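The values are calculated or read from the model by the stated rules, or taken from the named source; none is laboratory data. This is a predicted model, so every value here is computed, not measured. A quick note on method: Cβ atoms are made from the backbone with ideal geometry, for glycine too, and the neighbour counts reach across all protein chains shown. Heads up: the accessible areas ignore ligands, DNA and RNA and are worked out on the full protein's heavy atoms, side chains in. Shrake-Rupley method; radii C 1.70, N 1.55, O 1.52, S 1.80 Å.
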Amino acid sequence: MEAATGPSSPSTPSRKDISPRKVRSEQVRGARIDKAPAKRQYSLTDFSNKVSEKFRSWMPRRSQRLAMGATHGVPSVGNGVNDIQASPTGTSHSFDPREPGLVPEGLSADEKLIYKSLLKVVKDREDHVDYDGKDTPSVVAITDLAKDYDDLAALVVLKELHRIGVIRLVGLVANLNPSQKRAIFGRGALNSLQLLDVPIARGTTGYTRTAYQGPDIKGRAGTKQHKELEHEFKGYDDSRGMEEFPVDNVNEEILTKEGAGEELLKKLFCEAAESGRKLTLLLISSLEDIYTFLRSEPDILKDGIKNIVLQGGYSIKDDKLIPASDANNNRYDMKAAEKFHAWMKEHEIPSAVYTKVAAFATPLYTDLFIELEKTGHPLGKHLRMVQVEQDLAFYIAACEKDPKKRFADYMDQEWFLKFKTSWFDNLDPDSPSYLPRNHPLYHAPDAPFPELRAVIPYLDKVVVYDALAALGTAGTDALDELQVLTDGNNQPSEIHRIVGFAGPPPDTGIHPKQMATALSALLKGSLLDSQSRRKSSVEMGS
């Protein structure tokens, strides 16, 4: 996930100047937290779900955004952990993309159309006279799984694109301290998605040894360390990983060995070269790992890379992608970011960047995560739990009077309510979150802001930064067929594309409703399919 970035000291309008209509249209900075919530004596997720169920019927103008998914209660299946010597060639499809039943049960009509579009892309590729399978993107992801809920959401999207044949997910590297726990977390998640043959390896800590720890210093470039937060590994045990999606052997070398990520990258690039393929890199975390690999294997990287998809803060100057020094993924190791992007310019490596502007413009709501939880899949339950706890922890930090204790000084209580909740949208008659005066959650325009946990009923928005980038790996033909991006005619570069400009003038780079439908379809469909397969596996074994 990319944390909030942009100008180091953006102005925040006074409360009396905020217009609900203006709130809806502005493009803003993303966010993450540096402070964990206080210990609780109750389940925040359960409380939030009860609030959502209780008050949903009071919202006559708020449609049910997402169709209900099928629910199955199924125990976990085996884990099948890979080691360094496994054969992660990306051919882990255990079923033909053309087989019947590829569209999961439980999707809305609009979501089914997303699958229809993607399956058409797969068929069109196969029908091409020169088809040899090499045009299907072979994707390697470097990610900081478990840091925020959008990291796992991106993996869920990648799994579904892989399952229906739009991409080949050939491997992942989990970086950012504690990278070993992130690799184990990822192994369990992949197994729960039936991706037993897709390898994941332990990456670097995400930053150099000279990184500083503590609050960000405005305008300071360089490197920063990551402070592990309470929600990241809730339910984690050293002997088996995550309780909801455990791993049989957490001591596998590929999950624990320092340098395993670099070894896996070399293996994947060499295997791709032997088969005549090039790889698509999905970089949605610190750039330390890809820079380390560049330093050790520059020719292998240069010859084996097809294109790069990133999530973060960037600009373009003289046909060079410029990493923003205050963007979180760059800031973990700014030297690595600068040198890697200079290498990209030197070798004219094509790229696409999905920014926080595009992520905030994508209208996804808590309803979606409730639906993911109701699939019964353990990742759906985990995503919902983390969404509530992560956002509450962020709000607690935003309420701090001392700006140094917030994630960034301008991310105060008002900023959070404006961009991460429906607090102001509830006052806008044109908003799907508008509340009539007789609604239990109605508040007057001049009402005091909610105190701490009182904000939970208004945590109505979800922002899945990395999931947009994951969808971006599908290929130009798939993105065109889905119609999720604008024409991009205002791009300042022929080989680099930035999806989401802060402006002025602002440009989201997406068709918001279509992007939201595509992501909701893939997230729900991915978990519905996996849960159905988990159930079938258990029934066959009984």
Practice task
Answer rounded, prolate or oblate for the stretch 250-376, using the Cα gyration tensor with square roots of eigenvalues a ≥ b ≥ c: rounded when a/c is under 1.5, else prolate when a/b is larger than b/c, else oblate.
Solution key: oblate
Fill in the blank from the handout: Here the residues of the stretch 435-467 lying in the modelled label zone of Lys227, meaning backbone nitrogen under 14 Å from a point 7 Å along Cα-to-Cβ, are none
Exercise for the section: In nm, give the distance between the simple-model label positions of Ser296 and Lys401, each being 7 Å from the Cα along the Cα-to-Cβ direction. Expected result: 5.1
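How many Å² of accessible area per residue for the stretch 312-441, probe 1.4 Å? Write out the running numbers ahead of the final one.
Numbers: 3940 Å² over 130 residues.
With all protein chains present, the stretch 312-441 gives 30 Å² per residue.
May I ask which of Lys123/Lys159; Lys147/Lys405; Lys123/Lys461 have a Cα-Cα span longer than 26 Å here? Display every interim value, and only then the final one.
Numbers: Lys123/Lys159 19 Å; Lys147/Lys405 19 Å; Lys123/Lys461 35 Å.
Going by Cα-Cα distance, Lys123/Lys461 fall outside the 26 Å limit.
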Handout entry: Carbon plus sulfur fraction of accessible area for the stretch 302-384, probe 1.4 Å, in percent
Key = 46
Practice task
Any of Lys356/Lys535; Lys401/Lys524; Lys278/Lys317; Lys278/Lys335; Lys339/Lys524 with alpha carbons more than 32 Å apart? Name them for me.
Solution key: Lys356/Lys535; Lys401/Lys524; Lys339/Lys524
Problem - Links that overshoot a 18 Å alpha carbon limit, given the list Lys134/Lys306; Lys112/Lys513; Lys267/Lys306; Lys306/Lys513; Lys306/Lys345 - result: Lys306/Lys513
Handout entry: Using a Förster distance of 45 Å, the FRET efficiency for Asn438-Gln483 (Cβ separation, nearest 0.05)
Key = 0.70
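Starting from the stretch 294-398, pick out the GluC sites (Glu not before Pro) whose DSSP state is loop and whose Cβ has at most 16 other Cβ atoms within 10 Å. All intermediate terms of the calculation are to be shown ahead of the outcome.
Numbers: sites: Glu338, Glu346, Glu348, Glu371, Glu373, Glu389; in loops: Glu348.
Passing both the DSSP loop test and the Cβ count: Glu348.
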Fill in the blank from the handout: Inter-part gap, Cα centre of the stretch 230-245 to Cα centre of the stretch 279-334, in whole angstrom, is 30
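What percent does the relative contact order of the stretch 353-505 come to when contacts are Cα pairs within less than 8 Å and at least six residues apart? It would help to have the intermediate numbers written out before the result.
Values: 131 pairs, mean separation 52.7, N = 153.
Normalised by residue count, the contact order of the stretch 353-505 is 34 percent.
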Handout entry: Fully extended contour minus Cα-Cα distance, from Lys339 to Lys112, at 0.36 nm per residue
Key = 77.4 nm
Handout entry: Surface share of carbon and sulfur [accessible, 1.4 angstrom probe, percent] for the stretch 444-506
Key = 52
Handout entry: Fully extended contour minus Cα-Cα distance, from Glu348 to Val538, at 0.36 nm per residue
Key = 63.5 nm
Exercise for the section: Would you mind calculating the gained length between Asp318 and Glu451 on full extension (0.36 nm times residue separation, minus the Cα-Cα distance), in nm to one decimal? Expected result: 43.1 nm
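Among the GluC sites (Glu not before Pro) in the stretch 238-333, which ones are in a DSSP loop with at most 15 other Cβ atoms within 10 Å of the Cβ? Mind listing them? Don't skip to the answer; put the middle values down first.
On the way: sites: Glu243, Glu244, Glu252, Glu253, Glu258, Glu262, Glu263, Glu271, Glu274, Glu288; in loops: Glu243, Glu244, Glu252, Glu258.
Here the GluC sites (Glu not before Pro) that fit, given the DSSP loop and packing criteria, are Glu243, Glu258.
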